[in-house]
Every structure is written in structure tokens, then in C-alpha cells.
Amino acid sequence: MWSRVGKRIAISIPVLVGVVLAIFVMLRIVPGDPVTTMLGEHVNPAVIEKISREMGLDQPVTVQFFQYVFHALQGDFGTSYRLNRNVTGIILDAFPNTVKLSLLAAVVAWVIGIVAGIVAAVRQNRLLDRLFMGCALMGVSMPVFMTALVLQYVFAFKLKWFPVSGFDSVKAMILPAIALGWNSAGSIARMTRSNLVEVMQNDYIRTARAKGLREHGVIVGHALKNAMLPVVTMMVLQISSMLSGAVLTESVFGVPGIGRLAVNAIETRDMPLLQGTVVFTTILIIAGNLAADLLYNVLDPRIREGA
Amino acid sequence: MLDHSKEPGTEGLENRQKEQADVSAQLGEADTWKDQLKTLVRQNKLAAFSAVILILFLLAAVFAPIVAPYDHLKQSLTDRLQDPSLAHWLGTDELGRDVLSRVIFGARVSLTIGLVPTLISMAIGTVLGLCAGFYGGKTDFVIMRLADVMLAFPSLLLAMVVMYTMGGGLINIFIALSLVNWAGTARIVRSQTLSLKEKEFVEAARSIGVRQWTIMFRHILPNCLPSLIVLFTLNIPSAILSEASLSFLGIGAQPPSASWGLMAVRGKKYLFSEPWLSIAPSVAIMIVVMAFNFLGDGLRDVLDPYLKEQ
């Protein structure tokens, strides 16, 4: 198994380098000079030249790239044009909020998704199954901002159960977490149901039933174990995509997380900040994919022993 | 007399193709499609219903100037922020424009965004996937590592970076979404090409000297079509959602465009007094996306159970 792990990590490194290169190139082909774009057309050219020199933008692009990679490897993503602060510091300030939001959203998605999926599979082709799967598909199809706006309107404005925005208390975190988790809950429910339905047709399930085990025991003790393998992998993958995909939820609820940083960076044309947030979140996604792969190796004895 | 304009040994293949064409004609190619359509309607009524809904949205988009009760750009400040009424079924926005008319015109934006970038990205993905699977070796390695890089990006953030580079606007959304979404298609086409290129019909074509390019596009590609049709149906909603999200973040469609995402974000300011301004376009997005998902699921079951297993 360890050779598989090593191989998987080795594959991730060129991908990571490719990601950094792609972002670097994309942001360097923006028409016009980044400092002029940031400061405006009417600033003294000498000031623009001085700032460009200070930021190393007068160097050839290849030199800039290697300098960026060299510094990034040491955890330095440059200095924000607008905030005049180290990008890594800004990201690390916002990161805990995004982590809290993503983990809470993941819990919401797992609980709703798995329970709905199991109930739908057990009640296959009955009313509950159709109802839950209808809701799941609705969850998958709803734009995240719609879920957020509906929750904000109903539970914050009409019922006044939760604050409209902010992220300073547990109560304030609930609506953003549901908004972000709802979509993933739909995917998890659909996957849990389809896997469980498939597993329930296996011979060992028939054997478990034949030896007199109760249906509850058959599902929990035998079917779920095998049905949940791909679901667990998907769940891990979803945490990393939530960490990066919280942009919309953070925008609607005013959560000061990484997604909002990226949106602010675009609005203020702050290239180093945008570059830093995208590189950082992509690293998280690659790490999440790696973790999901390794977890699958650990959980599935067929793969573990085969290696 | 021999026809020297033909490649040597292609007569056998042509005869076989002719035989196949005869058999197809006897069975009726249209019947195959009709049968599949019938199976879809019989097996999955929800998918059939979704197709009807999508056709209605498509018709509304095409005939928007006739169907919409008002001009979607016409402002009337005296009628601003009106509640839903018989005159304005979904009320009016902050500039007095009829929301229903804007939702109907918004279907043009969303369906175009759903269809055009999906077609472009799938065309790119199909060609690259075919090349990777067919040629293998270094070509495969380079294309697949490129796909890995694209898949590693959070798609919304990547689209945001592209929009940052090129600026807002619908044409730039076309380009951003086309560049972002090709990798998934490339992976699926590659895996199918890998298995198809080992089949006897490809071997037969090779042995009689058919050119590689012809084998890829005339022999392998048609066999990938069922998966591609299903994938196309399932990729459209994600493109629609991406456009809506980008517009919602203010970096997609620009005013006065009647994009559903843009309408939702502009209505957000009035969420607590006139919630329909945000909710109406969001519901339209949800209905279209759900319909495409149902249709995609139904088509997958009929056309390509292999994709379901994947």
C-alpha cells in the first residue's frame, strides 16, 4: 500500500506545479499594467514605475515565476496591493472561518444525506423514497445563493430565529452551514441510496436475512459497511470542495472567509491576493483528493491487501 | 477495372459498411431512435416531463419578444418595486421593469450559456480525449496531466480568474466556461477510446490501411456518442449554475442583461421587502437545472448504462 501512497503523492507534485504555473500565466496575460490598473490612469508614471520595481514586476515573467514559486515554498504568497499586508497572513486570518463553515456544512450534508439515502433505499420505490430523492435532486439543482437567500428570508427575517449575517456566534453559523451543506446533502443522499440498493441485492445479504437477522441488523451490520465505501470517499472530497466553494455562501452571509477574499481581490484588482487565495484553495483540493484516495485504500481491504 | 483512387483493401470495409447500411435501412435508423425515445417515455415519465418543460423554456426563449408581456428593458420609475399583480404577475424591479418579462428573456441568456460553452468544452474534451486514448504514450501523458491540472482547480474560482483576466460580459463567460469544463469529457472519452481501440472493428480498419484520423473520428467517435449525449445533458446545468454564480458575484453578465444570476443579486438588496425579485429568477434556474438533471438521468439509463456504473 505504501508504494501506492508514494506514487499518488508523486503524481500530485507536478499537478501542483502545473496549477501554480497556470494561475501565474493567466493572471499575467491581463491586458495593461497591474499597478496602473490598481492605482488608476491618472497617477504619476514615476510612482507606477517605482511601485512596479518594488513588487518585482519589472523582472522578466520567467524570473517572476521562479521567484514566486521559491517564496511560495516558504509560505510567502507575496504582498497584497490594496491591503499592503502579507497575503499568507491575510489568508490565514480568513482560513479558520472557512474551515468552521465547511466542517459545519459537512456535518449537515452527512447527517441529512446519509439518513435520507438510507431511508430512501430501505423504502425503495415507495412514497418516502420518491419524496427524499425529489428533495435530493432539488438540493443538487438549487443554486447555492438561492438556498442562502431563502434561508435568510424565512429563518432570519420572517421567523427571526437566526441573525441575518455575520459569523461571530454559533447561532450565526447555522444558516450559512445549511446553505453550503444542502447541495452536498443531495449528492450524498443519491449516492448512498444507489449504493445501498445495489448492495442489498448481494447474496450475503440474503444469507444474513436467511439466518434470521433483523432487517435493522442486516442494513447496519452488513449492507452499510460496503455501501458506504464510495460515499465516505465522496464525503472527504466534498470537504475540500466546500473549503474552496464557499464563495457564494460567504458572499450572501458576509462570512469573512477565503471565498470572500477572492471576490474582494477581483473587485479591487488585487492580483497577489487573488493568486494567493486560488493557489491556497487548489492546494487544499489536491490534498483533499489525496486524502480521499488514501482513505479508500485504508478502508477497502481488497485494495489494501492487493497492494 | 480496378479503381486506383481508393486505398488498397478498402473494398471489403466499404462492402461491410454497405451491408451495415442496408441492415440499418431495413431496420430503420429512425426506428432505433424512436424506440429509444419510446423507452425513455415508458421507463421514465419524469424525464419525458422534463423534456417537455425544457422545450417550453426553449420556445419561451426563442419567442421571448412575443411571449413576454412587456419589453424587458423598458424602465418605468413610477411603477418601481410593485407587488405581484394581474398587470405584473411577478411584480416589477427597482427600475420598474416587469420581472416576468425579464425572467422570460433571461431564459435566452441561461440556455445559450448552457448550450454554447458546453458544446465548445465538450468538443475540446472529445478531441483531446480521443487523441490521448488512441495515441497513448507521451500524447496521453501530456493531455491527461493537463486534464489533472484543470480538474484540480475549483471550477468556480478558475472561472473567476479567467473573468478577472478578460473582464465581465457574456462572451467572456462563454470563453471562461469553455476553458474550464473540457477535462471531465476528455477523461471519459479517453477511457472509452482505450477500450474501443482494442475492438475487432478498429483492428480490421487498421489492417486494411484506414488512416488513424479516420479511425478516430469515423469509427471510434460514433461509438462514444451515447455517452457524449448523456454527458452533454448533464453538463448543461452545471454551466447554467456557473454563469448564475459568476453573475451573482458581479463578475459575469453585466447590466442591463436579463441574466437570472444578475437579477438574483440585484434583487438581494430588496430581499426582505420584495423577495420575488431574487426568488423568481432563482426558481427559474432551479426548474431548468432540475429538468436537465432528470432528462440526463433518464437518457443515461436508456442510452448508456455504462456511464451510470462509472
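The values are calculated or read from the model by the stated rules, or taken from the named source; none is laboratory data. Nothing here was measured: the structure is a model prediction, and the numbers come from that model. Using ideal geometry, Cβ is built from the backbone for each residue, glycine included, and neighbour counts are taken over all protein chains shown. All accessible areas refer to the heavy atoms of the entire protein, side chains included, with ligands and DNA or RNA removed. Shrake-Rupley method; radii C 1.70, N 1.55, O 1.52, S 1.80 Å.
Can you send over the carbon and sulfur percentage of the accessible area for chain A, probe radius 1.4 Å, protein chains only?
Carbon plus sulfur share of accessible area: 65 percent.
When you count, for each residue, the other Cβ atoms within 10 Å and take the mean per peptide, how do A:198-204, B:297-303 rank with the highest first? Display every interim value, and only then the final one.
Numbers: A:198-204: 13.6, B:297-303: 20.6.
Ranked from most to least packed, the peptides come out as B:297-303, A:198-204.
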Area accessible to solvent at B:Met150, 1.4 Å probe radius, in Å²: 40 Å²
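How would chain A be classified by its alpha-carbon gyration tensor: rounded, prolate or oblate, with rounded meaning a/c under 1.5 and the a/b versus b/c comparison settling the rest? Show your work: numbers first, answer last.
Working: a/c = 3.38, a/b = 1.71, b/c = 1.98.
Note, shape of chain A comes out oblate.
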B:Val149, A:Val115, ranked by accessible area, largest first (probe 1.4 Å): A:Val115, B:Val149
Average other protein chain Cβ within 10 Å of Cβ, residues A:250-258: 1
³J(HN,Hα) computed for each position of segment A:164-174 - Karplus, 6.51 cos²θ - 1.76 cosθ + 1.60, integer Hz, glycine/proline x: 5, 8, x, 8, 9, 9, 4, 4, 6, 7, 5
Solvent-accessible surface ranking, highest first, for A:Thr277, A:Thr207, B:Thr214 at 1.4 angstrom: A:Thr207, B:Thr214, A:Thr277
Segment A:Ala291-A:Ala210, length gained on full extension (0.36 nm per residue, minus Cα span): 25.3 nm
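Which net charge results when you count Lys and Arg as +1 and Asp and Glu as -1 among the other residues whose beta-carbon is under 14 Å from that of B:Gly96?
Working: positive: B:Lys74, B:Arg80, B:Arg97, B:Arg102, B:Arg266; negative: B:Asp71, B:Asp79, B:Asp83, B:Asp93, B:Glu94, B:Asp98, B:Glu274.
Combined, the nearby Lys, Arg, Asp and Glu give -2.
Counting only heavy atoms of the protein chains, get the accessible area per residue of segment B:64-292 (1.4 Å probe) and round it to a whole Å² value. Can you show the working numbers first?
On the way: 8930 Å² over 229 residues.
Value returned for segment B:64-292: 39 Å² of accessible area per residue.
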Within 10 Å of each Cβ in A:134-146, the average number of Cβ atoms from other chains: 6
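Is the protein assembly as shown best put as rounded, prolate or oblate by its Cα gyration tensor, with a ≥ b ≥ c the root eigenvalues, rounded for a/c under 1.5, and otherwise prolate when a/b is larger than b/c, oblate when not? It would help to have the intermediate numbers written out before the result.
Working: a/c = 1.31, a/b = 1.21, b/c = 1.09.
Rounded, because the longest to shortest axis ratio a/c is under 1.5.
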Two-site label geometry, A:Met138 and B:Thr39: point separation in nm, points 7 Å out along Cα→Cβ: 3.2 nm
Simple spin-label estimate for A:Lys7 and A:Phe65 in nanometres, 7 Å along Cα-Cβ: 2.9 nm
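Under a point-charge model restricted to the Cβ atoms of Lys and Arg (+1) and Asp and Glu (-1), what is the dipole moment magnitude of chain A relative to its Cα centre, in debye to the nearest 20?
Details: 26 positive and 18 negative charges, 286 e Å.
Computed about the Cα centre, the dipole is about 1380 debye.
Please report the net charge: other residues with Cβ closer than 12 Å to the Cβ of B:Tyr70, K and R +1, D and E -1. Mind dumping the intermediate values first?
Working: positive: B:Lys74, B:Arg97, B:Arg102; negative: B:Asp71, B:Asp79, B:Asp93, B:Asp98.
Surrounding charge for B:Tyr70 is -1.
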B:Ile208/B:Lys138 FRET efficiency (R0 41 Å; Cβ-Cβ; nearest 0.05): 0.90
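Taking a 1.4 Å probe, which of A:Glu215, B:Glu243 shows the most accessible area, and what order do the others take after it?
The ordering from most to least exposed comes out as A:Glu215, B:Glu243.
For the protein assembly as shown, what is the calculated [θ] at 222 nm in deg cm²/dmol (nearest 500), taking -39500 (n - 2.57) for each run of four or more DSSP H residues and dividing by its residue count?
-24000 deg cm²/dmol
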Order by protection proxy (mean Cβ within 10 Å, highest first), peptides A:2-15, A:222-235: A:222-235, A:2-15
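Whenever you get a sec, compute what percent of the accessible area on segment B:64-292 sits on carbon and sulfur atoms (1.4 Å probe). Show your work: numbers first, answer last.
Details: 5800 of 8930 Å².
In segment B:64-292, the share of accessible area belonging to carbon and sulfur is 65 percent.
Mind checking B:155-163 for the average number of partner chain beta-carbons within 10 Å of each residue's beta-carbon? Let's see the in-between values first.
Working: counts 3, 8, 13, 6, 0, 9, 11, 1, 1.
Other-chain Cβ atoms within 10 Å of each residue's Cβ, averaged: 6.
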Length gained when the stretch B:Tyr270-B:Leu115 is fully extended (0.36 nm per residue, less Cα-Cα span): 52.7 nm
Relative contact order of chain B, pairs being alpha-carbon contacts under 8 Å that are 6 or more residues apart, as %: 23 percent
Solvent-accessible area of A:Phe280 with every protein chain in place, 1.4 Å probe, in Å² to the nearest 10: 40 Å²
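Quick one: buried accessible area between A and B, total over both chains, 1.4 angstrom probe, nearest 100 Å²?
Heavy-atom accessible area buried at this interface is about 3600 Å².
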Residue-level accessible surface for B:Phe292, protein heavy atoms, 1.4 Å, Å²: 20 Å²
Most positive-pole-ward Cα, A:Met146, A:Phe95, A:Leu159, against dipole of segment A:87-306 from beta carbon charges: A:Leu159
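Counting only heavy atoms of protein chains, what accessible area per residue, in Å², does segment A:87-306 have with a probe of 1.4 Å? Please report the intermediate quantities before stating the final value.
Numbers: 9290 Å² over 220 residues.
Ligands and nucleic acids excluded, the figure is 42 Å² per residue.
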